[in-house]
Amino acid sequence: MSCSTKRGPRHSRWPMIKAFAPAKINLSLHVVGQRADGYHLLESLVVFADVGDTLWLTAGDSLALTVEGPFAEGVPEDRRNLVWQAAELAGWTGHIRLEKHLPHGGGIGGGSSDAAAVLRAVGGADQALALGADVPVCIAARTAIMSGIGEVVAPLARPLPPLHAVLVNPGVHVATPDVFKSLTCKENPPIEDGTEGDDALDWLACQRNDLQIPAMTLAPVIGQVIALLGALPEVRLVRMSGSGSTCFGLFDTPEVAQRAACDVLEQHPDWWVKSCMLGRA
Ligand code: C5P
């Protein structure tokens with residue numbers, strides 16, 4: 001046989017692939033019920049940012065993962081990493097270099113978006129849910145309404161304008177299962193329909209993240225982030241993403257967002273603060 005089963009013709013088609021794993025932001029996250037197996041039924045408006053992690057994949061005989069970049073510390077380079085599990089699920093082997101720019105466990109899909117980027121690059125997207133409830137929406141990495149436990153991904157009826165945001169992570173990790181467990185009411189109102197001609201941000205301000213209060217109870221610093229963002233000049237909306245701890249503020253222009261990011265960093269140089277654009281795709 002001229003080539004081993006691991007290095008099949010499938011691999012030779014992908015000598016080196018670069019993949020971008022954008023930050024996932026839940027502009028709203030409504031918990032509308034709970035299944036018998038404990039998983040929660042969600043309705044969430046999800047957008048993607050122009051900041052994220054970068055991956056390079058080089059096909060080879062065996063799987064290896066190297067993590068570098070500003071948030072590499074503490075990120076496993078073995079099977080515990082969702083990136084590794086995504087490659088295994090897709091039956092792909094080779095070397096993956098992951099450059100971490102997003103704080104992990106921060107409610108912005110760090111691990112899920114990385115795993116989705118691998119599945120996009122090497123195939124296997126149909127198995128995304130097996131890697132986590134947030135992975136299916138990260139596969140398309142486009143503005144979407146996510147529902148079910150995360151497996152139903154649908155485009156938004158009316159497109160959102162691109163949004164200028166500041167993302168802030170105060171460096172605390174809140175475990176997603178703990179946040180869901182702390183949520184007392186499991187049946188909350190779904191996302192409201194917008195009306196033609198409504199200002200998107202005014203409509204969005206009437207939606208919610210039902211996990212925000214439980215997360216703030218577990219990690220009070222999230223309340224501090226929300227208060228600080230809410231006091232910034234010209235801020236239109238402040239909310240937490242996912243199960244936290246990253247929060248975002250939305251602004252009308254990139255200039256105001258950049259100024260806001262500088263203000264937050266000046267007061268908290270140890271926090272992760274990024275101004276970015278959301279929902280371009
Ligand atoms: O699917 P994922 O691994 O991201 O979920 C982490 C945890 O969050 C689950 O084990 C579950 O406790 C909780 N979860 C949930 N309902 C969802 C998604 C996640 O209860 N729809």
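The values are calculated or read from the model by the stated rules, or taken from the named source; none is laboratory data. Here the structure is a predicted model, which means the values were calculated and not measured. Because the Cβ atoms are built from the backbone with ideal geometry, glycine has one as well, and the counts that use them run over all protein chains shown. SASA here: full protein model, heavy atoms, side chains in, ligands and nucleic acids out. Shrake-Rupley method; radii C 1.70, N 1.55, O 1.52, S 1.80 Å.
Some notes on this structure:
- Residue check, residue 121 within 21 Å of residue 87 (Cα to Cα), away from the ligand (no atom under 14 Å from the Cβ) and crowded, with 20+ Cβ neighbours inside 10 Å: yes
- The set of residues in the stretch 15-46 being more than 30 Å from residue 187 (Cβ to Cβ) and either free of Cβ contacts under 8 Å to residues at least 12 places away in the same chain or within 16 Å of the ligand (Cβ to nearest atom) (or both) consists of 21 alone.
- Test: residue in the stretch 76-96 that is basic (Lys, Arg) and within 16 Å of the ligand (Cβ to nearest atom): yes
- Unique residue being in contact with a Leu (Cβ under 8 Å, 6 or more places away or on another chain) and open to solvent by 50 Å² or more (accessible area, probe 1.4 Å) when the list is 162, 177, 189: 162
- When the stretch 233-258 is filtered for residues that are outside any loop (DSSP other than H, G, I, E, B) and either closer than 15 Å to residue 171 by Cα or without any contact (Cβ under 8 Å) to a residue 12 or more places away in the chain (or both), the ones remaining, listed by number, are 240, 247, 248, 255.
- Top-ranked residue of the stretch 132-181 - restricted to ones that are under 22 Å from residue 102 (Cα atoms) and among the polar types (S, T, N, Q), ranked as farthest from the ligand (Cβ to nearest atom): 143
- Residue within the stretch 46-57 that is within 22 Å of residue 177 (Cα to Cα) and of a type in the set (A, V, I, L, M) present: yes
- Strands (runs of 3 or more DSSP E) fully within the stretch 120-179 that include at least 3 residues being under 16 Å from the mean Cα position of the chain (by Cα): 144-148, 163-169.
- Residue within the stretch 47-60 that is out of contact with any helix residue (DSSP H, G or I) (no Cβ under 6 Å at 6 or more places or on another chain), within 16 Å of the ligand (Cβ to nearest atom), closer than 29 Å to residue 192 by Cα and part of a strand (DSSP E or B) present: no
- Filtering 66, 54 for residues that are modelled with pLDDT of 95 or more, farther than 21 Å from residue 245 by Cα, surrounded by 15 or more Cβ atoms within 10 Å (Cβ to Cβ) and hydroxyl-bearing (Ser, Thr, Tyr) leaves a single hit, 54.
- Residues of the stretch 78-110 satisfying the condition of being open to solvent by 20 Å² or more (accessible area, probe 1.4 Å) and at pLDDT below 95: 104, 105
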